[in-house]
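**Q** I am attaching a structure below and will ask some questions about it afterwards.
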Amino acid sequence: MMKIDAIILRELRMPLAHPFETSFGVTRERRILLAEVQSEGLTGWGECTAGEHPFFSSESTDTAWEVLRHELGPMLAAESPQHGGDCPRIFRQVRGNRMAKATLENAIWDLEAQREGIPLAQLLGGVRERIACGVSIGIQPSIPALLDVIARELAAGYQRIKLKCKPGWDIEVLERVRSRWPEIMLSCDANSAYRLRDTEHLLSFDEFDLLMIEQPLWHDDFYYHSLLQKRLNTAICLDESIRNRRDALAAIEMESCRIINIKLGRVGGFSEAIAVHNAAQERGVAVWCGGMLESGIGRAHNIALSTLENFSLPGDVSASARYWEEDIVEPAVTVSAEGEITIPEIPGRGYEVRRDLIERLTVRRETIRAMAMV
Ligand code: OSB
Ligand code: MG
């Protein structure tokens, strides 16, 4: 049993090293919500992957803060969980708010790994010593600017290039990239920027030998993606619409996609991420780990998750330096010239937290404790 002594919520402001543009907007600075869960002398950390605005999903930094502060934090503080996997039961009364839930559940898994004295990857059932890394490249001011970024990422060793796309930043971009690099592993991510009337246009993506096209249609859809997938040779990968194992089963059954992106926050934490992973594996569907511009804490969790067997495609799990001048973990996450991250062998999340830096970046904090017994 892990008695919870205190849960400390913080919001940090972290400017990105480079602005990140998707079909739904530009991010220049992250508002990162961290949870520090203290239990019997150990500290587990969790990061909320909600965006600054409810544009990727319905959660945002502010909604997650409220739900953590008033609902999930008090629920967890009143319990003494044994495993990270107990959290879905503890939080079952709260509907949705999966990114908020994942913040605390992942911190408990981190705590549990420390208590057991084993790496988090091992606690999760991971089998890899190294994971394969790709990059997600935002929409750029021009095609030449994009080509420069791609050249730099390939030189750094990344194994797969994913391009953010939208109407007006797609066919010509893919043509130019493919003609310069005919052989690279290439994919694109529309973040729901297209509609069914764009089907003919989307079919022309088949020319570019893409590994996949991620979430072309509505953020909450399976059916229309299945209609599109029937006509498209390129594999569809679903991101936004997969909220849990049942969604993964529905999408696989309906043939809405051939690949699944697993994000810890989007599915509500490690338990459900493992469940999605297993469901996909049993049905021969490959998965990879998505990213949400995380700080080193969320990144450490993504790295550990990516060691599970069916994470067979390079993830959007890249080096700290691509995002931050200074990351809040020590050592920073680095990627080898072969485009791999080596899994740390120390207990817990594998990266130390830089408390001094976190303190400097904190703009608000709140402590939650169990109500005193009367
Ligand atoms: O759709 O995968 C996405 C970032 C923010 C919101 C959604 C997405 C992304 C990324 C970035 O693609 C991945 C990364 O962290 O590098
Ligand atoms: Mg995506």
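**Q** Would you check the accessible area of residue 292, probe 1.4 Å, heavy atoms only, in square angstrom rounded to 10?
**A** Rounded to the nearest 10, the figure is 30 Å².
**Q** Any idea what the relative contact order of the chain is, in percent, if you count C-alpha pairs under 8 Å spaced at least 6 apart?
**A** Working: 839 pairs, mean separation 86.2, N = 374.
Taking the mean separation of contacting Cα pairs over the length of the chain, I get 23 percent.
**Q** Can I ask one more? Is region 122-342 best put as rounded, prolate or oblate by its Cα gyration tensor, with a ≥ b ≥ c the root eigenvalues, rounded for a/c under 1.5, and otherwise prolate when a/b is larger than b/c, oblate when not? It would help to have the intermediate numbers written out before the result.
**A** Working: a/c = 1.82, a/b = 1.08, b/c = 1.68.
Judged from the Cα gyration tensor, region 122-342 comes out oblate (a/c at least 1.5, b/c at or above a/b).
**Q** Please report Rg over Rh for the chain, where both radii come from the alpha carbon positions and Rh follows the Kirkwood definition. Display every interim value, and only then the final one.
**A** Details: Rg = 19.9 Å, Rh = 20.8 Å.
That ratio is 0.96, to two decimals.
**Q** If R0 is 35 Å, what FRET efficiency do you get for residue 250 and residue 360 from their C-beta distance, rounded to 0.05? Numbers along the way, then the final one.
**A** Numbers: r = 45 Å, r/R0 = 1.29.
The value I calculate is 0.20.
**Q** How large is the charge dipole for the chain, taken about the Cα centre, if only the Cβ atoms of Lys, Arg (+1) and Asp, Glu (-1) carry charge, to the nearest 20 debye? Before the final figure, lay out each step's value.
**A** Values: 43 positive and 55 negative charges, 101 e Å.
Charge dipole, the chain, about its Cα centre: 480 debye, nearest 20.
**Q** Now a separate question. Just reorder 3, 162, 230 by solvent-accessible area, largest first, 1.4 Å probe, all chains present. List each step's numbers first, then the result.
**A** Working: 3 110, 162 5, 230 150 Å².
So, going from the largest accessible area down, we get 230, 3, 162.
**Q** Any idea of residue 358's accessible area? Nearest 10 Å², probe 1.4 Å.
**A** Its heavy atoms expose roughly 0 Å² to the probe.
**Q** Using a 1.4 angstrom probe with every protein chain in place, what is the largest-first accessible-area order of 53, 225? Show your work: numbers first, answer last.
**A** Working: 53 105, 225 0 Å².
Of 53, 225, the descending order of accessible area is 53, 225.
**Q** With a 1.4 Å probe and all protein chains left in place, how much of the accessible area of region 237-295 comes from carbon and sulfur atoms, in whole percent? Intermediate results must be reported in sequence, preceding the final value.
**A** Details: 760 of 1780 Å².
So the carbon and sulfur contribution to the accessible surface is 43 percent.
**Q** By the scheme Lys and Arg +1, Asp and Glu -1, what is the net charge of all other residues having a beta-carbon under 14 Å from that of residue 5?
**A** Numbers: positive: 3, 115, 369; negative: 36, 40, 79.
Net local charge, residue 5 excluded: 0.
**Q** Under 23 Å Cα to Cα from residue 3, which lysines show up? Leave out anything in the same chain fewer than 8 places away.
**A** Cα-Cα hits under 23 Å: 101.
**Q** Going by amide H atoms built from the backbone, whose H comes under 5 Å of the H on residue 16, apart from near neighbours?
**A** Amide H neighbours of residue 16: 29, 30.
**Q** Shifting gears a bit: To the nearest 10 degrees, how steeply does helix 270-282 sit against the main Cα axis of the chain, on a 0 to 90 scale?
**A** The angle comes out near 40 degrees.
**Q** Just order 341-353, 101-113, 172-184 by mean Cβ neighbour count inside 10 Å, highest at the front, would you?
**A** 101-113, 341-353, 172-184
**Q** Taking every DSSP beta bridge that has both residues in the chain, what percent is antiparallel when rounded to the nearest 5? Please list the in-between numbers first.
**A** Details: 32 of 56 bridges.
Of those bridges, close to 55 percent are antiparallel.
**Q** Oh, and also: Non-local amide H neighbours of residue 189 (under 5 Å, H modeled in plane, Pro and chain starts lacking H): which ones?
**A** 163, 164, 165, 214
**Q** Helix-only estimate, please: 222 nm mean residue ellipticity of the chain, summing -39500 (n - 2.57) across DSSP H runs of length 4 or more and dividing by its residues, to the nearest 500. Please list the in-between numbers first.
**A** Numbers: 14 runs with 121 residues, N = 374.
The per-residue figure over the chain is -9000 deg cm²/dmol.
**Q** Right, here's the next one. If you average the alpha carbon positions of region 240-311 and of region 344-363, how far apart do those two centres end up, in angstrom?
**A** Result: 25 Å between the Cα centres.
**Q** Continuing with the same structure: Once the Cα atoms of helix 98-116 and of the chain are each reduced to a long axis, what angle between those two axes, in degrees from 0 to 90 to the nearest 10, is obtained?
**A** So the helix axis and the longest Cα principal axis differ by about 60 degrees.
**Q** Rounded to whole Hz and in sequence order, give me ³J(HN,Hα) for region 208-220 from the Karplus expression 6.51 cos²θ - 1.76 cosθ + 1.60, θ = phi - 60°, writing x for Gly and Pro.
**A** Whole-Hz 3J(HN,Hα) from phi for region 208-220: 9, 6, 7, 5, 5, 10, 8, 6, x, 9, 3, 5, 10.
**Q** Further question on the same structure: If you rank 86, 5, 356 by how much accessible surface each has, with a 1.4 Å probe, what is the order from largest down?
**A** Working: 86 35, 5 60, 356 95 Å².
Per-residue accessible area, sorted high to low, gives 356, 5, 86.
**Q** Further question: How high is the relative contact order of region 122-342, given as a whole-number percent (alpha carbon pairs under 8 Å, six or more residues apart)?
**A** Details: 413 pairs, mean separation 52.2, N = 221.
It comes to 24 percent, rounded to a whole number.
**Q** Not counting ligands, DNA or RNA, and with a 1.4 Å probe, what is residue 312's accessible surface area in Å² rounded to the nearest 10?
**A** Looks like 70 Å² after rounding.
**Q** By the scheme Lys and Arg +1, Asp and Glu -1, what is the net charge of all other residues having a beta-carbon under 13 Å from that of residue 240?
**A** On the way: positive: 98, 243, 263, 266; negative: 59, 189, 214, 220, 221, 239, 247.
Net charge in that neighbourhood comes out at -3.
**Q** Give me, ordered by chain and number, the residues 5 or more places off residue 346 or on other chains with an amide H under 5 Å from its own placed amide H.
**A** none
**Q** Helix 171-180 versus the longest principal axis of the chain: what is the Cα-based angle in degrees, 0 to 90, to the nearest 10?
**A** Approximately 80 degrees, to the nearest 10.
The values are calculated or read from the model by the stated rules, or taken from the named source; none is laboratory data. Everything quoted here is computed from the prediction, not taken from an experiment. Here Cβ is always computed from backbone atoms with ideal geometry, including for glycine, and neighbour counts include all displayed protein chains. When the accessible area is computed, the model is the full protein with side chains, heavy atoms only, and any ligands, DNA or RNA have been set aside. Shrake-Rupley method; radii C 1.70, N 1.55, O 1.52, S 1.80 Å.
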